[in-house]
Amino acid sequence: MKSSYTFLGEGRDFRKVGFYDPINNQTYLNVPVILYFLEKRAQPTTTVHDILKKVGVFTELSLNQTKFN
């Protein structure tokens, strides 16, 4: 997986939320945008889920949800 995009609906913009390059061992994640989409019930693919889990995005999502409840 070179890039990860979220589609906002038919005919709307794509939004780049990060990339993963396993060959060069590079990862960039726009965590605030990823958290926004996850809070809106976006479902990441298995590969993206594993990457987000590895860097602790789901822990941060859990903390954000606790603040608002």
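The values are calculated or read from the model by the stated rules, or taken from the named source; none is laboratory data. Because the structure is predicted, anything quoted here is derived from the model rather than measured. Using ideal geometry, Cβ is built from the backbone for each residue, glycine included, and neighbour counts are taken over all protein chains shown.
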TODO: Can you work out which of the residues in the range 4-33 that are within 17 Å of V57 (Cβ to Cβ) and modelled with pLDDT under 55 is surrounded by the most Cβ atoms within 10 Å (Cβ to Cβ)?
DONE: S4
TODO: Consider only pairs whose beta carbons are under 8 Å apart and that are at least six residues apart or on different chains; among these, list those whose first residue lies in the range 8-30 and is under 17 Å from D50 (Cα atoms) and whose second residue is at pLDDT 90 or above and part of a loop (DSSP other than H, G, I, E, B).
DONE: V17/N30; G18/N30
